[in-house]
Structure formats: structure tokens, C-alpha cells
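Just so it is clear, none of the values below were taken in a lab; they were calculated from the coordinates. Quick caveat: nothing in here was measured; it's all calculated off a predicted structure. Virtual Cβ from ideal backbone geometry, glycine too; neighbours counted across all protein chains shown.
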Ligand SMILES: Cc1ncc(COP(=O)(O)O)c(C=O)c1O
């Protein structure tokens, strides 16, 4: 099919929930993507913070090929080694004692919500301790439970009634959290750094306060690290930089190097309340995705890899601050390679111009440009990307 035929067939055959720009991508290598016309792009979206090792990583391809030729799926009725090995590695590299596998970020949050509700029943013996506190600007996914804690009208309104028992508080607002969290709270769900909500880091004071309020009221603290976890901030988990341990953590996006996976990490105290039959998924934690994920986790968890993420992302932040200037640049913020540039106006035109000049970037809210390149991006590629942004911004204004 040629490009026009693909675009037409997409409109005719696929539910129209996405707006896509023109290029039809055919292949990728490292930080680069290529379209059907042979154009090369620097990919600073990375499949929305997914392709941590870049595209077509040779070690990842070898692992996937080998596993596909051996065993792809047997369901969770049976044991397979890749699932258990991946769980062991996640436990060894985090606060968690146990892992529950699923297939996406939204599903990982669904699981966390179910675990929290069951925990309140089993441990506190309470049927009325069912409230989940969530925050303004949050994004936890689009399935009905995850959507209920994604506190934005734009995503929720058309799909009401939502899951009951969600209490709203303001992000980074200690007093608001204090008002919202009480004896009926079974869990608090929060992104240590909000991604879709505009790349907004939580203050250390705020997260410490949440931990303390959760302890005080017997509620569980859930960190959603679907976007900010697995090396993106320069430490394996974002919570390491805050010196606070959650009771549960959800991960997904980069874990299997582009294959669908989600994981809910939990302490034994939480995991122990879940019994056979309480929750399940046909595809979750299959041998293929778990073999792929082991490659990603082994590489990303290496101290030298993380040190390079910290160095190169600090360089990128400094270069952005130095070179991307103007009255309309409101703030450049973020952590590691989760960077947001807030402008005083919508960023659509800048995104379109950058694409035309060979740089792929995405927004996080109308006015925030989000930069989430593969974690392997080099300084030279960072320089080129910033050069494109600066020249598109200058011509734009
Ligand atoms: C913080 C966060 N949580 C959850 C999700 C939902 O993940 P998924 O799209 O895999 O369901 C996202 C997706 O962007 C996210 O950024």
C-alpha cells in the first residue's frame, strides 16, 4: 500500500481515536526512525517513553527471536522460567517483595486498586475503607478503574458513571492532601513525576507528607512509575530520589522494550492478601515479553547505564536552558530524560515544524513540549535535536 492508501484505509477501518501526522514509519535503528519515503527522524518520543534502548536493539532482537522460536505463550495456568526470572530481577532491584504481571500501564493501576481494596478488607476488616485519593493533573490510564483516578474532565466526562470512591486532592498541595486522606482511604495513587499532566515533579515534601498521612490512616501509598520509572529519571525508580518507599508501584511502558507489559510491584504485606482466583490475565507475563523485558531491565539497571542517563540528561537540560530562550518560554523542567518545556502558547505548530525538520516530539498538555528520547541518546543527537527545536522556535515566533 502507498502512503495515501494507508491513510485512507486507516480512516475507513480504524476507530478514530487518534490524530496522526503524515509519515508512515517503516523501521527504526537506535534513536532514529525512518518513513516510507526514506526520510530519517530523530525520535525524541520513543513510542511515548517506551523505547529505552532505542529501536532494533541487537541484544533485544536476539532474545525475542530465540524465545519466539522456543515458547511464546502457555497462559498463567503453568510455570515458565522467563516470568519467574523477571520477577526475581524486579524484586531484587526495588522495594518490592512480589510482582503481579499484566499487559499495560492502565492494567497495572487496575491491579493496584484491586489489591488496595482487598487489603483494607482483609487487614483492617473494613468494608467501608474503599476510597482512593488521586490528584489533579494525574494520568493513570483509560480503562474504567484507571480512568476514575485520572482526574481530568476531558478524559472522564463522556464515560460517566465512573468507579465510585475516588477522592480528589491537588497535586503538590499538602493541605489538600491532608483534607482528602482519612480513615476511609484505602490507598493514595500518585505519579512522583506527572508525565501527561505536563511533566511536573512532585516536591519531596509533598511525597513525604503523603507517606506520613498514609501511615497515619492505614492507607497504602501507590507510586505510578509507568512513565517515570525504569531509568528515565536517571535512577532505576524515580522514588529512589525521594528517599520514600511506596507500598505498591506500577510499571509498564519501557519494561519489555516495545512489547506490551505491565507490572504491579508490592510488599509482602499487600501481596499476601491476594489469593488464587482474585485476579488474572490470559496474556500477562508470557515467556516472550518476559524474555524481552529481562534484556531491558538488565541493561537499564546497570549503574554505568544510569550514570550515563544522568550525565547526558543534565547536559540536555543545560543546553535547552541555554539555547531555547525567548519571552514565550515559561519553564524548562523535569528529571533525567523526562523533560518538559512549557510555552506561553500551544505547542502544536512547533511539533509540526520539528517533524518537518526531522525531529519527533510530543506535547504533554496544550502548552508543554515533552522530550522523552531513548535513554541511549548521545550528546551529538541531543545537540542536533535542540538545534532543530531552536530554529523551528525562532522561525515560529
Ligand atoms: C503515569 C502513567 N500511568 C499510566 C499510563 C497508562 O499506560 P498505558 O497506556 O500502557 O495503559 C500512562 C500512559 O501514558 C502513564 O503515563
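Key figures for this structure:
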| item | result |
| --- | --- |
| Between 0 and 90°, nearest 10: helix 58-68 axis offset from the chain longest Cα axis | 50 |
| Ratio of the Cα radius of gyration of the range 6-45 to 2.2 N^0.38 Å, where N counts its residues | 1.33 |
| Cα gyration tensor, the range 154-267 - rounded (a/c under 1.5), prolate or oblate | oblate |
| Helix-only CD estimate at 222 nm, as mean residue ellipticity for the chain, using -39500 (n - 2.57) per DSSP H run (n ≥ 4) | -11500 deg cm²/dmol |
| Protection proxy ranking of 90-101, 69-80, 15-26 - average other beta-carbon atoms within 10 Å, highest first | 90-101, 69-80, 15-26 |
| Highest average packing first - 244-256, 211-223, Cβ atoms within 10 Å | 244-256, 211-223 |
| Globularity ratio of the chain, using Cα Rg and 2.2 N^0.38 Å | 0.99 |
| Acute angle (nearest 10 degrees) that the helix 303-323 long axis makes with the longest principal axis of the chain, alpha-carbon atoms | 60 |
| Under the Debye formula (equal points on every Cα, no solvent term), log10 I(q)/I(0) of the range 302-397 at q = 0.13, 0.20, 0.24, 0.25 Å⁻¹ | -0.40, -0.95, -1.35, -1.46 |
| Segment residue 37-residue 6, extension gain: residue separation times 0.36 nm, minus the distance between their alpha carbons | 9.8 nm |
| Gain on full stretching of the segment that runs from residue 163 to residue 283 - 0.36 nm per residue minus C-alpha separation | 40.7 nm |
| Degrees separating the helix 287-300 axis from the principal Cα axis of the chain, which is the longest one | 70 |
| Alpha-carbon spread of the range 71-300, three principal axes, descending order, Å | 51, 38, 36 |
| Highest-MSF residue in the chain out of 366, 82, 276 [GNM, Cα springs under 10 Å] | 276 |
| The range 31-155: C-alpha gyration tensor shape, a/c 1.5 cut-off, then a/b vs b/c | oblate |
| Residue with peak Gaussian network fluctuation, the chain [Cα springs, cutoff 10 Å], from 120, 146, 204 | 204 |
| The chain: relative contact order as a whole-number percent, Cα under 8 Å and 6+ apart | 22 |
